[in-house]
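Data block below; observations after.
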Amino acid sequence: MSLIQILIIGSNPPIMETIERLINREGIWKATIAFSNDDALEKLHSTNFKMVLLCAGIDQEKLFKEKLLKLYPNLPVITHYGGGSGLLFAEIYQAIL
Amino acid sequence: MAQTVLHKANTRGVADHGWLKSYQSFSFAGYYNPDRINFGALRVLNDDIVTGGMGFGEHPHDNMEIISIPLEGELQHKDSMGNVATIKAGEIQVMSAGTGIFHSEYNSDKDNPAKFLQIWLFPNQRNVTPRYDQILLENQHKKNEFIQILSPDKDDAGVWIYQNAWFNLAYFDAENSRTYQLHQPGNGVYIFVLKGQIEVNGQLLETRDGFGIWETDAFDIKAVGDAEFLVMEVPMEF
């Protein structure tokens, strides 16, 4: 079975690495990090992601979310809160279950 | 007419990690219940017991207002902003995680558990500069009044956070009742009973029950016996 691809976008490297590790640890999801908006757009163009998580420190976050929703209307774009395992899994379950 | 929701204590999620027993009013980590995600801006209410000498190793947070209220024992706090502190019963700790913070919380008392409430609220601003604060609660055992411990205002009683929320602790003698007046239209109130029995809007609540009420400006709370409880007013839309 192929892994569900999740794009995580944010600018705080230690937190992004933690979120990546937490997602990948589940064994059914595969996280890909984008550290900038341009990086995210490039990755979205080349990979079929099932959802996007917007993490801390995104440039012009609100506008960027609107842009993503316009470009990919069927892609869940979720604003992530908490920076760790506390809310992460509920956010993913709510988006893709 | 006021809307209400009742969360009986024994319907909460439970995580038992040996060193940590956590009773979770809303979905958290491995506990997922789509009907229990949040109450307005209140996203996490964990009733935690940490074994003596154990604790939460260093871990990150971002974009969340995190409030800890110790009920028994003490926790040693260290964070990536250089704060080192001990927090104990009678105090309240707040972290605005903002762009990101790492911290650890340990029960430094090897012989006794630490019991505390861990409460997370969605912030009204994302990506703020992280901050930490803790204060000793004043008037903490004043009876039959609402004792404000948190607000959005730096100059008001208690700690402040990036959200239009107000928290009050209350220690009521049996048969005492008071009216709680909400601060802001559109807010709701989540009441968590720490000890004893109270009645809210005709609903009997027992120890560790949670009760949400919204679409009202005010409501009465009556202690059935001696009771301690936490009143959390939060925006329902945020």
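The values are calculated or read from the model by the stated rules, or taken from the named source; none is laboratory data. None of the values given here were measured: they were computed from a predicted structure. Every residue, glycine as well, gets a Cβ built from its backbone with ideal geometry; the counts of neighbours run over all protein chains shown.
Here is a list: B:VAL44, B:VAL14. Which entry is within 30 Å of B:GLN125 (Cβ to Cβ) and β-branched (Val, Ile, Thr)?
B:VAL44
Would you mind telling me which numbered condition in (1) farther than 27 Å from B:ASP62 by Cβ; (2) in contact with a Lys or Arg (Cβ under 9 Å, 6 or more places away or on another chain) B:ALA157 fails?
(2)
When the residues of region A:27-60 are filtered to those that are more than 26 Å from B:THR129 (Cα to Cα) and touching a residue at least 40 places away in the same chain (Cβ under 8 Å), which remaining residue is surrounded by the most Cβ atoms within 10 Å (Cβ to Cβ)?
Among those that are more than 26 Å from B:THR129 (Cα to Cα) and touching a residue at least 40 places away in the same chain (Cβ under 8 Å), it is A:PHE49.
Within region A:61-70, which residues are more than 10 Å from chain B (Cβ to nearest Cβ) and crowded, with 16+ Cβ neighbours inside 10 Å?
Selection gives A:PHE64, A:LYS65, A:LEU68.
So how many residues does region A:10-32 have that are in a helix (DSSP H, G or I) and away from every other protein chain (no Cβ under 13 Å)?
2
Out of the residues in region B:182-238 meeting the condition of being over 13 Å from the mean Cα position of the chain (by Cα) and of a type in the set (Ser, Thr, Tyr), tell me which one is farthest from B:PHE172 (Cα to Cα).
Filtering first and then ranking leaves B:THR216.
Condition check: more than 24 Å from B:GLY158 (Cβ to Cβ) and either more than 10 Å from every other protein chain (Cβ to nearest Cβ) or not in a loop (DSSP other than H, G, I, E, B) (or both). Does B:SER68 satisfy that?
So B:SER68 does not fit the description; no.
Confirm whether B:GLN197 is surrounded by 16 or more Cβ atoms within 10 Å (Cβ to Cβ), without any contact (Cβ under 8 Å) to a residue 24 or more places away in the chain, over 30 Å from A:ASN12 (Cα atoms) and not aliphatic (A, V, I, L, M).
Taking the combined requirement at face value, the residue does not satisfy it.
Just give me the residues in region A:71-94 being outside any loop (DSSP other than H, G, I, E, B), crowded, with 20+ Cβ neighbours inside 10 Å and of a type in the set (Gly, Ala, Ser), in sequence order.
Scanning region A:71-94 gives A:GLY86, A:ALA90.
Among A:GLU42, A:GLU66, A:GLU91, A:GLU17, which is within 22 Å of B:HIS103 (Cα to Cα) and at pLDDT 95 or above? I'd like the intermediate steps shown before the answer.
Values: A:GLU42 fails: within 22 Å of B:HIS103 (Cα to Cα); A:GLU66 fails: within 22 Å of B:HIS103 (Cα to Cα); A:GLU91 fails: within 22 Å of B:HIS103 (Cα to Cα).
Residue meeting the stated conditions: A:GLU17.
Is it the case that region B:86-107 has a residue that's surrounded by fewer than 16 Cβ atoms within 10 Å (Cβ to Cβ), assigned to a loop (DSSP other than H, G, I, E, B) and more than 15 Å from the chain's Cα centre (by Cα)?
No, that holds for no residue.
Does B:TYR132 satisfy being touching a Phe, Trp or Tyr at 6+ places or on another chain (Cβ under 9 Å), surrounded by fewer than 20 Cβ atoms within 10 Å (Cβ to Cβ) and not small (Gly, Ala, Ser)?
no
Do you know which of the residues in region B:23-70 that are touching a residue at least 60 places away in the same chain (Cβ under 8 Å) and among the hydroxyl-bearing types (Ser, Thr, Tyr) is nearest to B:ILE87 (Cα to Cα)?
Residue satisfying both the conditions and the ranking: B:THR51.
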